[in-house]
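Student: Here's a structure for you.
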Amino acid sequence: MNYLQPERLDRLAREYALGTLVGPARKRFERVLQQSPAATLAVGVWQERLAALAHGVAPLQPRAAVWAAVEQRLFAAAPSAPAQSAGQMGWLARMFSARSLGGALAGVLLCALVLRIQPGLIGLEPQTETLPQSYVGLLTDTSGKASVLASSRRQGRVLTIKLLQPIVVPAGRVAQLWALPKDGSAAFPVGVLPASGSGTIVLSDTSEKLFFNVARLAVSLEPAAAQPGATPSAEFVLSGHCVKLW
Amino acid sequence: MTSNDDLAALLARVALRDRAAFEQVYRATCAHLLGIAFRVLKQRERAEEVLQESFMNVWHGAAGYRPAVATPMTWLINIVRNKAIDALRSGKTEQGSTFVLDEEALQVAADEQQQPPQLLDDSLTRLKIDSCMAGLGAQQRQALALAYYSGMVHTEIADALNAPLGTAKAWVRRGLDKLKGCLEAAGVQSA
């Protein structure tokens, strides 16, 4: 069969690009593709047309673990930052290693930012001018100066952290973020903050589940990252309201 | 920040093993690409696996990216969509027992706005070719939408729309022809 006869080539390229060419016919055409620039080009033209149909698909933010896994699989042999502590919370320490801060964690924020600033990049126009339903916390230091901005989508599992001023964390301590429930029950640990810049904290559940009944967020300087069930062992150095943005 | 030209430049750097560029490509495109994989697989976990696999390919295959053949976004979409469709077809048999949707996934899956016919309408509106495509019948549009967004093959489309196989094939073909005509008429740059 002459695959390169123009009409036949266009039909096969079209079905191949769409995904409706299946079984042995697909395998045969893949062999043609390897040898024929004309066939590759014909498929490319159809892929370009079909990509236009992706414009309406709503973006879905991957969890931070996806990028972490990509890095792990590709670059694990050459770790660029040592784990800062061992034990059960070692993964958390690794998440906050220097490179990850510039990377995996800030990334969720950047990804969202890029799409917000450049929606035309992938044909996504903002669907609404209003901010998404989110939980937001603004923490101030004891002098009332704004220090930390924490935000997370209502159904999200990532808390985005932006430090408005660096936190002075003594050696051997970590800046532990706590959530304080409205009913006055014990504070529970959320995660460890970076000392400066920005980052994200992977939450143990959705924001809605964790923060629905939370009135305030606070930070204490703990000797180590708090385990689930732990309570603050030091005074709060930062605190602020946790509010629903809807 | 990251236009298609910038993405092409970043991919060229990825081909030279630039990890920072690789990460920038991921950050700029991950949410859109996961959305596409999720439409096909309807399961966040599996869609995220596909995204992960896809970026392994991006790292190893960036040198094979040809700007003359596809825009960077189209190239990335193809990698992800093909992997998602492969995962969908290879997982068909076990789907019944392993189909677990998390809460967020359920919300997205049930979202009327994200059903294939609506997605097609939205995409065409954004491309400003909706009036041109209005010449297609509802079934032709639906057939095209099921093939593209859900990764269905002709037999599945025929089943879903309760039509003979030959008819379903003709609907898809007609939908594609119309899409080609409308995009060319509008001079749309697709990605």
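Student: Output the peptides A:51-60, A:182-191, A:7-16 sorted from most to least packed, where packing is the average of other Cβ atoms within 10 Å over each peptide's residues.
Tutor: In descending order of packing, they fall as A:51-60, A:7-16, A:182-191.
Student: Say each of B:K128 and A:S196 gets a label point 7 Å from the Cα, pointing the same way as Cα to Cβ; how far apart are those two points in nm?
Tutor: In this crude spin-label approximation the distance works out to 4.8 nm.
Student: If you take the square roots of the eigenvalues of the alpha-carbon gyration tensor of the range A:182-246 and sort them as a ≥ b ≥ c, do you get rounded (a/c under 1.5), prolate (a/b over b/c) or oblate? Spell out each step's value before the answer.
Tutor: Numbers: a/c = 1.44, a/b = 1.21, b/c = 1.19.
Since a/c stays below 1.5, the shape of the range A:182-246 is classed as rounded.
Student: Using the 2.2 N^0.38 Å rule of thumb for compact globular proteins, work out how the range A:6-56 stacks up: its C-alpha Rg over that value, please.
Tutor: The range A:6-56 yields a ratio of 1.10.
Student: So, one more: With everything on Cα atoms, drop me the angle between helix B:19-41 and the longest principal axis of chain B, reported from 0 to 90° to the nearest 10.
Tutor: That works out to roughly 10 degrees.
Student: Turning to a different aspect of this structure: So what are the ³J(HN,Hα) numbers for the range A:10-18, from phi and the Karplus equation (6.51, -1.76, 1.60; θ = phi - 60°), rounded to whole Hz, Gly and Pro as x?
Tutor: Per-residue couplings from phi come out as 5, 5, 5, 4, 4, 6, 5, 5, 6 Hz.
Student: To continue, here is another question. Tell me whether the range B:18-83 comes out rounded, prolate or oblate; compute the Cα gyration tensor, take square roots of the eigenvalues as a ≥ b ≥ c, and use a/c under 1.5 as the rounded threshold.
Tutor: prolate
Student: How far apart, in nm, are the 7 Å Cα→Cβ label points at A:E208 and A:A76?
Tutor: With each label placed 7 Å out from Cα toward Cβ, I get 3.4 nm.
Student: Relative contact order for the range A:165-207: what percent, with Cα pairs under 8 Å and sequence separation of 6 or more?
Tutor: Reported relative contact order: 35 percent.
Student: Any lysines with Cα under 17 Å of the B:K83 Cα? List them, leaving off those in the same chain fewer than 8 positions away.
Tutor: Leaving aside lysines fewer than 8 places away in the same chain, those within reach of B:K83 are A:K27, B:K42, B:K92.
Student: Still on this model: Mind checking which lysines have their C-alpha under 25 Å from A:K162, skipping anything on the same chain fewer than 8 residues away?
Tutor: Leaving aside lysines fewer than 8 places away in the same chain, those within reach of A:K162 are A:K145, A:K182, A:K209, A:K244.
Student: Right, here's the next one. Tell me, how many Å apart are the Cα centres for the range B:13-30 and for the range A:211-233?
Tutor: Between the Cα centre of the range B:13-30 and that of the range A:211-233, the gap is 35 Å.
Student: Which of the lysines could be linked to B:K128 by a straight reach, that is with a Cα gap under 21 Å, when you skip same-chain ones fewer than 8 residues away?
Tutor: Straight-line reach from B:K128, under 21 Å: B:K178, B:K180.
Student: So what are the ³J(HN,Hα) numbers for the range A:207-215, from phi and the Karplus equation (6.51, -1.76, 1.60; θ = phi - 60°), rounded to whole Hz, Gly and Pro as x?
Tutor: Values, residue by residue: 4, 4, 5, 6, 9, 3, 9, 9, 9 Hz.
Student: Further question on the same structure: For a quick size check, give me the Cα extents of chain B along its three principal axes, largest first, whole Å.
Tutor: Each principal axis gives a Cα extent; for chain B these are 50, 47, 27 Å.
Student: Using all Cα-Cα distances in the range B:1-40, what percent lands in each 10 angstrom bin from 0 up to the longest?
Tutor: For the range B:1-40, the pair-distance distribution reads 31, 47, 21, 1.
Student: Follow-up question, since we're still on this one. Take the alpha carbon gyration tensor of the range A:134-244, find the square roots of its eigenvalues, order them as a ≥ b ≥ c, and report rounded if a/c is under 1.5; if not, report prolate when a/b exceeds b/c, else oblate.
Tutor: Because its axes are fairly even, with a/c under 1.5, the range A:134-244 counts as rounded.
FYI, it's all coordinate maths here, none of it is from the lab. A quick note: this is a predicted structure, and the numbers were derived from the prediction, not measured. With ideal geometry, Cβ positions are generated from the backbone for all residues, glycine too; neighbour counts draw on all protein chains shown.
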